[in-house]
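A.B. asks: Have a look at the structure that comes next, please.
The values are calculated or read from the model by the stated rules, or taken from the named source; none is laboratory data. Since the structure is predicted, the reported quantities are computational estimates derived from the model, not experimental observations. A quick note on method: Cβ atoms are made from the backbone with ideal geometry, for glycine too, and the neighbour counts reach across all protein chains shown. Side chains included, ligands, DNA and RNA excluded: accessible areas come from the protein's heavy atoms. Shrake-Rupley method; radii C 1.70, N 1.55, O 1.52, S 1.80 Å.
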Amino acid sequence: VQLQASGGGLVMAGGSLRLSCAASGSIFSIKAMGWYRQAPGKQREFVAYITNSGSTQYADSVKGRFTISRDKAKNTVELQMNSLNPEDTAVYYCAAESVSSYLYWGQGTLVTVSS
């Protein structure tokens, strides 16, 4: 499975960004897709995921502000990020979990929120 993320950039605090991730390859093996992020000097952390059935889960820090969605026909997953604050600044990584629980990673996309 190959994952290609896009949509990062620079935004003012309070603004919005939308990240997108396209999956290719053995997509039949994917059971869930999601996003993680890694801020400077910190460990990578979970942000949100969505299963094939549409179930979602979010980190407490983004609940109510971020929305994950998936288009299975297009093999994409998107992350709508609203009310961004400087603490959201990080490299965001797309991930896909296979039916055997293997985690595939895409390249990161940088999100910078200025105060």
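A.B. asks: Just to be sure I understand: with springs between alpha-carbon atoms less than 10 Å apart, which residue in Gly25, Gly64, Gly41 has the highest mean-square fluctuation in the Gaussian network model of the chain?
C.D. replies: Top of the fluctuation ranking is Gly41.
A.B. asks: In a GNM of the chain with a 10 Å cut-off on Cα contacts, which of Arg37, Arg65, Arg18 has the highest mean-square fluctuation?
C.D. replies: Highest fluctuation of the listed residues: Arg65.
A.B. asks: While we're looking at this one, here's another question. For the chain, what does the relative contact order come out to in percent, with C-alpha contacts under 8 Å and a separation of six or more? Don't jump to the answer; show the numbers that get you there.
C.D. replies: Values: 283 pairs, mean separation 42.7, N = 115.
With pairs under 8 Å counted, the relative contact order is 37 percent.
A.B. asks: In nanometres, what is the gap between the two model label sites at Ser53 and Ala13, each 7 Å from Cα along Cα-to-Cβ?
C.D. replies: Each label point lies 7 Å from its Cα, and together they span 4.1 nm.
A.B. asks: While we're on this one: Which percent of the accessible heavy-atom area of the chain goes to carbon and sulfur, probe 1.4 angstrom? Don't jump to the answer; show the numbers that get you there.
C.D. replies: Details: 3000 of 5930 Å².
Here carbon and sulfur together make up 51 percent of the probe-accessible area.
A.B. asks: Could you work out how far apart the two model spin labels at Ser98 and Ser61 are, taking each label as a point 7 Å from the Cα in the direction of the beta carbon, and quote it in nm?
C.D. replies: With each label point 7 Å from Cα toward Cβ, the separation is 3.0 nm.
A.B. asks: Would you mind working out the accessible area per residue for the stretch 28-115, using a 1.4 Å probe, and quoting it in Å²? Let's see the in-between values first.
C.D. replies: On the way: 4610 Å² over 88 residues.
With the other protein chains kept in place, the stretch 28-115 gives 52 Å² per residue.
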